[in-house]
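Structure first, then comments.
Just so it is clear, none of the values below were taken in a lab; they were calculated from the coordinates. Just so it is clear, the model here is predicted, and its values are computed rather than measured. All Cβ positions, even for glycine, are placed from backbone atoms using ideal geometry, and neighbour counts span all protein chains on display.
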Amino acid sequence: MQRGMHTDTERCVRAVQSKDARFDGWFFTAVLTTRIYCRPSCPVVPPKPENMTFHPSAAACQQAGFRACKRCRPDTSPGSPEWNQRADLVARAMRLVADGVVDREGVPGLAARLGYSSRQIERQLLAELGAGPLALARAQRAQTARLLIETTPLPMAEIAFAAGFSSIRTFNDTVREVFALSPSELRARLPRKNTPPASGAGAPATPGALALRLPFRAPLNPDNLFGHLAATAVPGVEEWRDGAYRRTLRLPYGHGIVALTPRPDHIACRLTLSDLRDLTVAISRCRRLLDLDADPVAVDDQLRTDPVLAPLVDKAPGRRVQRTVDEAEFAVRAVLGQQVSTAAARTHAARLVTAYGDPVDDPEGGLTHLFPSPEALAALDPESLAMPRTRRTTFTTLVTHLSDGTLNLGVGSDWTRTRAQLLALPGFGPWTADVIAMRALGDPDAFLATDLGIRRAAQELDLPSTPAALTARAAAWRPWRAYAVQYLWATDSHPINYLPGQGRS
């Protein structure tokens, strides 16, 4: 795949004619004769090449006057991998749009977070995506509205405001324009067995519960992805229950609980939200947690060029990088995990959760708290921390910087600048900075050369054993060294590499 591939007409036509699902989300096909836009893998007979035009985003298609195909539902395709593998202004802006910043803070808020003027943001997004931030946010609101219409019994007025629309009229007009159907017509098209039950008999036992399907590009290997999350789960905040990874979510308008279950062709997602306005953000963070917008074919093809990694990739392709739903939380947990076992890190984190986390109710499982906010942790007595004094200093310095905003680990952060800020903190060495870069910042090229598991794998595979030499050797794996880390970790029998209840055969 390549940046701006919607401009390569010949390649796009071939992808559409072969119905190649790998290109879903990379570009969208707009059909001039029908005024409909589709994903490349749309099951209908492909239009004639002269009737196709190609766009980089669903928002650009909508801006150009095309409506979404009712067969392939292009608005629900996996997101473009570019926004999670790039660190430039456009990618950072797209990650913030997906996190709902435009809906909550407007374009000025988006620009302020990025350190640019609104005009600069608008110009760059239009140049690359064919749509500005307001149009991109509008397309996202339309998708959220459709999801609520089709999966809940909520009245349309409640759906309109939950999806982020400012008025019922705007909601109705947008849904009709994007999908060529009114909200009530969208709901009426559902098969009777899938029609959301009315409030009362048959309604979900848990108020606000939603059952969703999160798409991804195949292949996806769930073993290390869910195995890692389950093995490092903090009691009260995370758990593995009935084949699903469950955890609490701290969200802009309230809190939530999510259960994520791996399926062969999607991730089953059950969300319980205290405020439905958080739906878009919750979905975005769950997709980011599981790295669902990755392009595994591109990653694995690059890593296979190394004869040492090729057998590991061929044995279990499609490994993802497990990330996080809360960057500040992960940074705190990374410090708690310095030079201690996984079990010890979980114990330290669980104590903080019990003492400083906000309590939540979980009628479906054993979750009890949200992970403590940086503000709550900044107010604790350092002497209460059961850790060496130097690590207490590291911990308190980190939470102070997070709580006062001088350190920003959010999805719009600049990876290079933030990594330098981390390394300047007391007690932050390469391992801590790099694991935060990999899992919190989302840098796909972060590499843990000093990690014990990586050094063991290097020794087993006859790779250089010193961090400097291993880093030099790993240059051939760029820009996907974070994925190489997953394949190297998988050479060990540690529980992080297996789904609970499974193990090395």
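Listed highest first by mean packing, meaning other Cβ atoms within 10 Å per residue, what order do 369-379, 323-333, 388-398 come in? Could you put the intermediate results ahead of the total?
Values: 369-379: 20.1, 323-333: 22.9, 388-398: 16.7.
Final packing ranking: 323-333, 369-379, 388-398.
Just want to confirm a number: the relative contact order over the chain, from Cα pairs under 8 angstrom separated by 6+ residues, in percent.
13
Long-range amide H contacts for Phe28: which residues qualify at under 5 Å (H placed 1.01 Å from N, peptide plane, sequence gap of 5 or more or a different chain)?
Placed amide hydrogens put His55, Ser57 under 5 Å from Phe28.
Whole-Å semi-axes of the stretch 405-493's equivalent ellipsoid, largest first, each the root of 5 times a Cα gyration tensor eigenvalue?
Listed largest to smallest, the semi-axes of the stretch 405-493 are 25, 13, 11 Å.
Kirkwood Rh, the chain, all Cα pairs: how many Å?
About 23.8 Å for the chain.
Using only the Cα atoms of the stretch 64-119, build the gyration tensor, take square roots of its eigenvalues as a ≥ b ≥ c, and label the shape rounded, prolate or oblate: rounded if a/c is under 1.5, else prolate if a/b is larger than b/c, else oblate. Can you show the working numbers first?
Values: a/c = 2.53, a/b = 1.70, b/c = 1.49.
In terms of gyration-tensor shape, prolate.
Measuring from label point to label point, each 7 Å out along Cα→Cβ, what is the Arg176 to Lys70 span in nm?
It is 1.6 nm.
Label points 7 Å out from Cα along the Cβ direction at Thr416 and Thr34: separation in nm?
4.5
What dipole magnitude, in Debye to the nearest 20, does the stretch 83-194 give about its Cα centre under +1 on Lys/Arg Cβ and -1 on Asp/Glu Cβ?
200
Under the rule that a partner needs its Cβ under 4.7 Å from the first Cβ, which Cys of the chain have none?
Flagged as lacking a Cys partner: Cys12, Cys61, Cys269, Cys286.
Calculate the length of the line joining the C-alpha centroid of the stretch 340-407 to that of the stretch 139-183, in whole Å.
38
Which of rounded, prolate, oblate describes the stretch 276-320, given a ≥ b ≥ c as roots of the alpha-carbon gyration tensor eigenvalues and a/c under 1.5 marking rounded, otherwise prolate only if a/b is larger than b/c?
Numbers: a/c = 5.58, a/b = 3.82, b/c = 1.46.
Prolate shape, in that a/c is at least 1.5 and a/b is the bigger ratio.
To make sure I understand, if each residue's beta carbon is the centre and we count other beta carbons within 10 Å, what order do Met94, Met156 fall in, fewest to most?
Ascending number of Cβ neighbours within 10 Å: Met156, Met94.
If each Cα of the stretch 22-76 is one equal point scatterer, what is log10 of I(q)/I(0) from the Debye formula at q = 0.13 Å⁻¹?
-0.24
Any chance you could count the Lys pairs in the chain whose alpha carbons are under 26 Å apart, treating pairs 8 or more apart or on different chains as valid?
Going through the chain pair by pair, I get 4.
Mind pulling the angle between the C-alpha long axis of helix 389-404 and the longest principal axis of the chain? Nearest 10 degrees, somewhere in 0 to 90.
20
Can you give me the Cα centroid spacing of the stretch 258-279 and the stretch 299-319 in angstrom?
Cα centres, the stretch 258-279 to the stretch 299-319: 30 Å.
Given H placed 1.01 Å from N in the peptide plane, which residues other than close sequence neighbours of Leu251 have an amide H under 5 Å from its amide H?
Gly256
Give me the distance in nm between label points sitting 7 Å out from Cα along the Cα-to-Cβ direction at Ala476 and Thr347, one decimal.
It works out to 4.3 nm between the two label points.
Report, in cubic angstrom per residue, the convex hull volume of the C-alpha atoms of the stretch 1-43.
72
For the stretch 3-80, which chymotrypsin sites (Phe, Trp or Tyr not before Pro) are in a loop by DSSP, counting at most 14 other Cβ atoms within 10 Å?
none
Per-residue HN-Hα couplings for the stretch 464-474, Karplus 6.51 cos²θ - 1.76 cosθ + 1.60 at θ = phi - 60°, whole Hz, x for Gly and Pro?
My calculation for the stretch 464-474 gives x, 9, 7, x, 5, 5, 5, 4, 5, 5, 6 Hz in order.
Calculate how steeply helix 279-289 sits against the longest principal axis of the alpha-carbon atoms of the chain, using the helix alpha-carbon long axis, and give the answer as 0 to 90 degrees to the nearest 10.
50
If the viscosity is 1.002 mPa s and the temperature 20 °C, what translational diffusion coefficient in µm²/s does Stokes-Einstein give for the stretch 276-430 when Rh comes from Kirkwood over Cα pairs? Don't jump to the answer; show the numbers that get you there.
Values: Rh = 18.0 Å.
For these conditions, the coefficient is 119 µm²/s.
For the stretch 83-194, restrict the atom set to alpha-carbon positions and state the Rg and Dmax in Å.
My reading of the Cα-based Rg and Dmax gives 15.7, 49 Å.
Collect residues whose amide H, placed 1.01 Å from N in the peptide plane, falls under 5 Å from the amide H of Asn221; neighbours closer than 5 in sequence don't count.
The list, which skips near neighbours in sequence, is Arg319, Arg320.
Express in whole angstrom the spacing between the alpha-carbon centres of the stretch 426-465 and the stretch 34-52.
44
How large are Rg and Dmax for the stretch 255-360 when calculated on the C-alpha trace, in angstrom?
My reading of the Cα-based Rg and Dmax gives 17.5, 50 Å.
Please sort 450-458, 77-85 by packing, taking for each peptide the average over its residues of neighbouring beta carbons within 10 angstrom, highest first. Don't jump to the answer; show the numbers that get you there.
Values: 450-458: 18.6, 77-85: 21.7.
Ranked by mean Cβ neighbours within 10 Å, highest first: 77-85, 450-458.
Using only the alpha carbons, work out the radius of gyration and Dmax of the stretch 115-175 in angstrom.
14.0, 41
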